[in-house]
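The values are calculated or read from the model by the stated rules, or taken from the named source; none is laboratory data. Quick caveat, the model's predicted, so the values are computed rather than measured. Heads up, the Cβs are rebuilt from the backbone with ideal geometry, glycines too, and the neighbour counts pull from every protein chain shown.
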Amino acid sequence: MIELGVNIDHVATVRQARRTWEPDPVWAAVEAQLGGADGITVHLREDRRHIQDHDVRRLTELVHIKLNLEMAATDEMINLAIESTPQMVMLVPEGRQEVTTEGGLDVAGQKDHMARAVTRLRDAGLTVSAFIDPEPEQIDTAAECGFSVCEIHTGTYAEIFHQTGRDAEHPKVRSELDRIDAAGRQIRQTGMRFNAGHGLNYYNVQPIAALEGIRELHIGHSIVARSMYVGIRSAVAEMKRLMREAADR
Ligand code: PXP
């Protein structure tokens, strides 16, 4: 059954705007769980712009669904992941100037570095995911490096969907969906788990949730944004309902 991992970084973004204690991402994680989230994702960035080290510690203690720690493959972050033992570590590229993660990880361009990072994390008993663009070379190299999960970057799909008037039948949307679908097939053929995320919202999620063999979607901004009006529990429940409806068709 398809699962939803809720990214709560932007709850911490609001807190950090005042460097205070509220809203607390741990409360948000509990609310997301009560709304039906299967997992919680946080991105501990090098610049600590939203999630802080103490959030990761408290989340591992207090959240009883899967915790997915998104991070760059640096020694500092790898040590921290090994200490905090989340269920999954997702390696992503990180740029200080970017507003959000802008592209997939170039696994093929830094194969030795990635293989070493994955080995350290796997030896500590962690499941390791690569956030990559839907490109055959990246998928093959991810498998060679020992990743057991690939999350396909759906940012380009989301952008095309928006630009073409939210028409899932538009040829440009279909073409990007076909690319993601082919990537999913290749990921599964190489024995890895197929996840997806980035830029997904209440309007564009269903064609992605309907892809064959997809296991988890990681969604943050649209859920946190809707939560301002309807609360986290309802926002998560509605996203989960849309995903399940599409996956069951
Ligand atoms: N997956 C990855 C790897 C991400 O970096 C992000 C954004 O932090 C997400 C999923 C969630 O993206 P969004 O906030 O656009 O839903």
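The criterion of at least 3 residues that are under 27 Å from Ala12 (Cβ atoms) and within 15 Å of the ligand (Cβ to nearest atom) is met, among helices (runs of 4 or more DSSP H) falling completely within region 135-249, by 155-163, 205-209, 221-230, 232-248.
Look at region 157-186: where a residue is closer than 16 Å to Tyr203 by Cα and a partner is at pLDDT below 95 and not aromatic (Phe, Trp, Tyr), sitting 6+ places away or on another chain with Cβ atoms under 7 Å, you get Val173/Asp167. Taken as a whole, region 11-20 holds at least one residue that is buried (at least 21 other Cβ atoms within 10 Å of the Cβ), under 18 Å from the mean Cα position of the chain (by Cα) and within 16 Å of the ligand (Cβ to nearest atom).
Whenever a residue of region 6-29 is without any contact (Cβ under 8 Å) to a residue 40 or more places away in the chain, its partners that are crowded, with 16+ Cβ neighbours inside 10 Å and of a type in the set (D, E, K, R), lying with C-beta atoms within less than 6 angstrom and at least six residues away or across chains, give the pairs Pro23/Arg15; Pro25/Asp55. The single condition among (1) surrounded by 16 or more Cβ atoms within 10 Å (Cβ to Cβ); (2) over 14 Å from the mean Cα position of the chain (by Cα); (3) not hydroxyl-bearing (Ser, Thr, Tyr) that Ala182 does not satisfy is (1).
Looking only at residues of region 33-48 that are surrounded by 19 or more Cβ atoms within 10 Å (Cβ to Cβ) and without any contact (Cβ under 8 Å) to a residue 60 or more places away in the chain, we find that the one that is nearest to Val6 (Cα to Cα) is Ile40. Candidates Arg215, Arg166: the one that is farther than 20 Å from Glu102 by Cα and modelled with pLDDT under 95 is Arg166.
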